[in-house]
Amino acid sequence: MLQNLQVLRALAALLVVVHHFLLANRDSGQGGIANFFYLSEVGACGVDLFFCISGFVMLGSIAKKGDFSPAEFATGRVIRIIPAYWIVSTLFIALVGLNHISKSGFGPTLAKSLFSPDFILSSYLLIPVINPESGYLQPFLAQGWTLSYELYFYVLLMCAAVLAKANPVRTAVLGGFYLLAGLLVFWRAEGAIGTFFGNSIVLEFVLGMGVFILARKTRVLGVQAILLGFVLLAATALFKVENRVLLWGIPSALILYGFVALEGVLRAPRLLKAMGDASYSLYLTHGVLTYIYGGLLKRGWFASTTKQNIAVLGGTVVAVLLAFVFYRFVEKPLLERFKQKRRAPSTVPVA
């Protein structure tokens, strides 16, 4: 794994965490977000960075394997995403349920329809569904909506790799065609399924694959690409562009290319690399803290802009520490255990 990619993963996760803390400020009705470097909006681009990185990494994993196995690819992806997601989702559902039962107010009171069996099951299976609380396409653990897109991308990329015989360029072209075809078929369609497949954000996976192909040919102008990407991201705070791919996807792809191009040139702090390793844990677990933070805001805590900004910074630090703990004692042991089972020789006798 490229070290700079881990640093970029850490950055993407931190952007999402800060963004969600700031959304809690906004939803509390107390304000206090206007002067926080515009991250209440731009911080959402952490998701776009993740999608571009995913396109890059997945195509790279297929390219480096001489004998592509669809079953191995699918199993690896499910193991990487689902167990940790199920654990955090279960803990979060229990936390919200406890708040409803006890009426203690340590978190915001959410819609009772969140606990319907259909919604809970769809959330666990990452089936696109409208969240009755937010009205958006989100499972119970709201940030899980991105995982539905990740799984969708994995399925299409796996099919493309089989037909293209794992050739990276042909796989990228065919995978991109599948994503574009799905987008065009469901463009402006209604309902949860139409909204899911008709979202142009899937094109950011294509951008990531494009970066992988480009980086195999050349790695020049890395610094310039990073600077241009961050300038474009900062500029989005000043104007409105409806299309998310144009708004944050292209700048994210530029930043991704720059980080890859500077691999071996930049020496990133070990802390950022470690945060990159734990970035999935950070992405999953921080919602527990933002939920509790939202409850404190509803009870009148952090009633000034200064207090809220300090709380967001402090909460982000706590979120990182929680992620390290979850990664060290839950996510990493789970992954290692599943890998050992996959490597274990079969005990079934062969005639």
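Just so you know, all these numbers are worked out from the coordinates, no wet-lab data involved. As the structure is a computational prediction, the values presented were derived from the model and not from experiment. Note: ideal-geometry Cβ built from the backbone for every residue, glycine included; neighbour counts use all protein chains shown.
Computed values, structure above
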| read-out | value |
| --- | --- |
| Read-out log10 I(q)/I(0) by the Debye sum over Cα atoms at q = 0.08, 0.11, 0.13 Å⁻¹, derived from the coordinates shown; its label in (1) -0.40, -0.78, -1.11; (2) -0.35, -0.69, -1.01; (3) -0.51, -0.88, -1.12 | (1) |
| Rounded if a/c under 1.5, otherwise prolate or oblate - segment 162-269, Cα gyration tensor axes | oblate |
| Unit charges at the beta carbon, dipole of segment 298-341: most positive-side option, W301, L335, V317 | L335 |
| Net charge over other residues, Cβ less than 13 angstrom from the Cβ of G55 (K, R count +1; D, E count -1) | -3 |
| Nearest-20 debye value, the chain charge dipole, Cβ charges on Lys, Arg, Asp, Glu | 820 |
| The chain: angle of helix 45-63 to the longest principal axis, Cα-based, in degrees nearest 10 | 20 |
| Under the Karplus curve 6.51 cos²θ - 1.76 cosθ + 1.60, θ = phi - 60°, whole-Hz ³J(HN,Hα) for segment 116-122, x wherever Gly or Pro sits | 5, x, 4, 5, 4, 5, 4 |
| Whether segment 229-351 is rounded, prolate or oblate, judged on the alpha carbon gyration tensor where a/c under 1.5 counts as rounded | oblate |
| Neighbourhood charge, 14 Å Cβ-Cβ cut-off, centred on K103 and excluding it, Lys, Arg +1 and Asp, Glu -1 | +3 |
| Charge-dipole axis of the chain as Lys and Arg at +1 and Asp and Glu at -1 on Cβ define it, positive-most pick from V57, L238, L289 | V57 |
| Euclidean distance of C-alpha centroids, segment 243-275 and segment 130-176, integer Å | 21 |
| Relative contact order, percent, the chain [alpha-carbon distance under 8 Å, six or more residues apart] | 29 |
| The chain - mean residue ellipticity at 222 nm from DSSP helices (-39,500 (n - 2.57) per run, n ≥ 4, rounded to 500) | -22500 deg cm²/dmol |
| Segment 230-236 - phi-based ³J(HN,Hα) in whole Hz, Karplus 6.51/-1.76/1.60, Gly and Pro as x | 5, 4, 5, 5, 4, 5, 5 |
| Rounded tilt (10° steps) of 203-217 against the dominant C-alpha axis of the chain | 50 |
| Calculated from backbone phi, Karplus (6.51, -1.76, 1.60) coupling profile of segment 162-176 in Hz, x at Gly/Pro | 5, 5, 8, 6, 6, 5, x, 5, 5, 5, 5, 5, 5, x, x |
| Rounded to 10°, Cα long-axis angle of helix 305-326 versus longest principal axis of the chain | 50 |
